[in-house]
Amino acid sequence: MLRTFRTVLPDVRMELDEAGMADLVEALLHGRLDGAFVRSSMDGVPGLVFDAVLKEPMMVALPVEHWLATGHRQPLPLADFAAEAFVLVSRRAAPGLYDAILAACREAGFVPLVAHEVPRLSAALGPVAAGLGISLSISIVPASMQRMVIAGVVFRKLEIRPGLLVPLHLMLRRTGLSVTVARFRAEAHRLAGPCCTRPA
């Protein structure tokens, strides 16, 4: 999406940053950001809108030594990981994603052992690669994270179930959008296609 936008408006300078949800909301409300991509929307935040632009399946990130890391091409049932130690992004940083993963695990018949919580989604892969804990740690991450090549980590598809198909939202101020930000929003909606509901 960002690459396409740079092609459409090559003279616009973009700065990318990564932060937790609370920090992004504050920065957006105080005008330090023009927009942010977030994994969950937040009801009741005055002055902000959340446009769904993508729905993405979750995958399991495994250390290469894990017994399910090789030889499995079919999607794996989440219940196969009931005895594993999980690395998850903290609820403070991504409340919707955290809650969705826990709910999917409960629906699969278990309460996950959360061995490590990380401040950002991208930080979940380091502990997996390191195999921290007595048992090997795993993580449940959006499928797009498999583009991150991390030595010692392999990604496997999970069987689709509620909670394991997560949205990506474009979070914006409700009013006062610049022409450039409005153009970015329109381009995001165009690229989203029919998968996501657009705001009224």
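Every read-out reported here was derived from the displayed coordinates using simple, explicitly stated rules and does not represent laboratory data. Only a predicted model underlies this, so the values are computations on that prediction, with no experimental measurement involved. Because the Cβ atoms are built from the backbone with ideal geometry, glycine has one as well, and the counts that use them run over all protein chains shown.
So what does log10 I(q)/I(0) come out to for region 7-121 at q = 0.13, 0.16, 0.21, 0.23 Å⁻¹, using the Debye formula with one equal point on every Cα and no solvent?
-0.67, -0.91, -1.24, -1.39
For a quick check: sort 51, 17, 23 by the number of other beta carbons within 10 angstrom, fewest at the front.
In increasing order of surrounding Cβ atoms, one gets 17, 23, 51.
Ignoring trypsin sites (Lys or Arg not before Pro) that are buried or in helix or strand per DSSP, and keeping those with at most 13 other beta carbon atoms within 10 Å, what is the longest stretch of the chain between them?
Excluding the exposed sites themselves, the longest stretch runs over 121-173.
From Cα coordinates alone, what are the radius of gyration and Dmax values for region 1-72 in angstrom?
17.4, 50
What FRET efficiency comes out for the pair residue 22/residue 144, r = Cβ-Cβ distance, R0 = 25 Å, nearest 0.05?
Between residue 22 and residue 144 the formula returns 0.65.
I need the fraction of alpha carbon pairs in region 56-165 separated by more than 19 Å, rounded to a whole percent.
The calculated P(r) of region 56-165 puts 35 percent of pairs beyond 19 Å.
Quick one, what does Rg over Rh come out to for the chain if you take C-alpha atoms and the Kirkwood Rh?
That ratio equals 0.99.
Could you tell me how far the Cα centroid of region 26-42 sits from the Cα centroid of region 98-157, in Å?
For region 98-157 versus region 26-42, the Cα centre distance is 25 Å.
So how do 89, 149, 38, 25 line up by other beta-carbon neighbours within 10 Å, fewest first?
149, 25, 38, 89
Quote the charge dipole size of the chain about the Cα centre in Debye, to the nearest 20; the model charges only the Cβ of Lys and Arg (+1) and of Asp and Glu (-1).
540
Across 5 Å bins from 0, what is the distribution of all Cα-Cα pair distances for region 142-185, in whole percents?
5, 14, 18, 13, 11, 13, 13, 10, 4, 0
Between helix 179-192 and the chain, what is the angle of the helix's C-alpha long axis to the longest principal axis, kept within 0 to 90° and rounded to the nearest 10?
40
Do any GluC sites (Glu not before Pro) in region 23-128 lie in a loop, going by DSSP, with at most 14 other beta-carbon atoms within 10 Å of their beta carbon, and if so which?
65
If you take every residue apart from residue 67 with its C-beta less than 14 Å away from the C-beta of residue 67, what net charge results, scoring Lys and Arg +1 and Asp and Glu -1?
-2
In what sequence do 110, 50 fall when counting other Cβ within 10 Å, fewest first?
Taking fewest neighbouring Cβ atoms as first place, the list is 110, 50.
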